[in-house]
1. Answer with yes or no whether residue 177 is free of Cβ contacts under 8 Å to residues at least 24 places away in the same chain and out of contact with any Asp or Glu (no Cβ under 9 Å at 6 or more places or on another chain).
2. Using the structure shown, decide if residue 30 is in contact with a helix residue (DSSP H, G or I) (Cβ under 9 Å, 6 or more places away or on another chain) and among the β-branched types (Val, Ile, Thr).
3. Which members of segment 157-172 meet the condition of being closer than 22 Å to residue 83 by Cα and assigned to a helix (DSSP H, G or I)?
4. Out of the helices (runs of 4 or more DSSP H) lying entirely within segment 30-112, which hold 3 or more residues that are hydrophobic (A, V, I, L, M, F, W, C)?
5. Is it fair to say residue 51 is hydrophobic (A, V, I, L, M, F, W, C), modelled with pLDDT of 80 or more and open to solvent by less than 80 Å² (accessible area, probe 1.4 Å)?
6. Tell me, please, whether a residue that is surrounded by 15 or more Cβ atoms within 10 Å (Cβ to Cβ), within 30 Å of residue 10 (Cβ to Cβ) and touching a residue at least 24 places away in the same chain (Cβ under 8 Å) can be found in segment 125-133.
7. Quick one: how many residues across segment 184-215 are surrounded by fewer than 21 Cβ atoms within 10 Å (Cβ to Cβ), out of contact with any strand residue (DSSP E or B) (no Cβ under 9 Å at 6 or more places or on another chain) and modelled with pLDDT of 80 or more?
8. Looking at (1) modelled with pLDDT of 85 or more; (2) open to solvent by 40 Å² or more (accessible area, probe 1.4 Å), which is the one condition that is false for residue 66?
Amino acid sequence: MGLDTIELVIGFEEAFGIAIPDEVAAQLTTPGKVTDYVMAQVVVSEEPSCLSQQAFYFLRRTLIPSLNIPRTDLAPSTRLEDIIPLENRRMVWAGLKSQIGPAVIPDLARPIWLFALLSFMTAFAFISALIHTRNNLGLGANVGFYFGLLTAVFVGYGGTLITRRFKRNFRPMCESLGDLAKHVSVHSPHIFKTQQRGWTREQVAAVVREIIIAQLGRKDFTEDSHFIDDMHLN
C-alpha cells in the first residue's frame with residue numbers, strides 16, 4: 001500500500017474505533033465498500049441522528065465542569081474565545097485534549113504576528129547563511145544552499161520551541177463550539193457514539209466522505225468511485 005492509502009486506512013480506523021487488516025484494506029477499493037465494511041464492524045442503528053449534534057452534546061457535557069458556566073450559555077454558535085478566557089486557555093484546552101484525545105482536539109495556534117515573525121526569521125537566516133558562505137567563506141553554491149537550509153531549520157525549530165507557550169489562539173476551523181463539534185464528529189466520532197444509539201449507514205457514509213476529503217483534498221467522487229482508477233490514490 002502507498003502512503004496515501006495507509007493514511008486513509010488509519011483515518012478510517014481512528015474515526016470508527018475499528019481495525020482494518022491489510023488484506024481487507026486491499027479489497028476496499030471504493031468509498032461504498034469502505035462504508036459497507038465499517039457497517040459490518042460497528043453497532044448498527046435504524047434511528048437517524050446528527051453526528052455533529054451528538055458531538056456538540058458530548059463536548060458540552062465535557063466542558064461544563066471545567067468552565068463552571070450554565071448549560072444555556074453553550075450553543076453551537078458560541079465562540080470558544082468567549083467561554084474560555086485567555087488566562088487559563090492553555091490549561092482548559094490541555095484538559096480537554098487529555099479527556100478526549102490529543103489526536104482529536106487540534107492544537108492551539110500562535111498569533112498571526114508571531115507566526116509571520118517566525119517565518120521571516122527563518123527565511124532571513126537562510127538567506128544570511130547562504131550569502132555568508134558564498135561571499136565570506138568562498139564556498140560553492142551547493143554547499144551554501146545546504147548550510148543555509150540547515151541554519152533555517154535550526155532557527156525555525158528553535159523558534160517554535162521558544163514560542164510554544166504563546167500558542168493561545170483557536171484555529172480558524174475551530175472558532176466556535178459548533179466548529180469543534182464538527183471536527184470531532186469527523187475525526188473521532190466513536191468516542192461519543194453510545195452502544196445504544198449505534199450507527200446508520202448515512203452517518204458512516206458521511207464520515208467516510210469527510211475523511212476522504214480531508215486526506216485527499218477532493219470532493220468530486222461518489223460511493224462507486226475507484227480509489228486508484230478514478231481518484232488516483234497512491
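The values are calculated or read from the model by the stated rules, or taken from the named source; none is laboratory data. Predicted model only: the values in this text are computed from it and were never measured. Note: ideal-geometry Cβ built from the backbone for every residue, glycine included; neighbour counts use all protein chains shown. The accessibility values were calculated without ligands, DNA or RNA, using every heavy atom of the protein model including side chains. Shrake-Rupley method; radii C 1.70, N 1.55, O 1.52, S 1.80 Å.
1. For residue 177, the condition - free of Cβ contacts under 8 Å to residues at least 24 places away in the same chain and out of contact with any Asp or Glu (no Cβ under 9 Å at 6 or more places or on another chain) - is not met.
2. No.
3. Result: 165, 166, 172.
4. The helices (runs of 4 or more DSSP H) meeting that bar are 31-41, 51-67, 89-100.
5. no
6. No, segment 125-133 contains no residue that is surrounded by 15 or more Cβ atoms within 10 Å (Cβ to Cβ), within 30 Å of residue 10 (Cβ to Cβ) and touching a residue at least 24 places away in the same chain (Cβ under 8 Å).
7. Of the residues in that region, 8 qualify.
8. Tallying (1) modelled with pLDDT of 85 or more; (2) open to solvent by 40 Å² or more (accessible area, probe 1.4 Å), residue 66 fails exactly one: (1).
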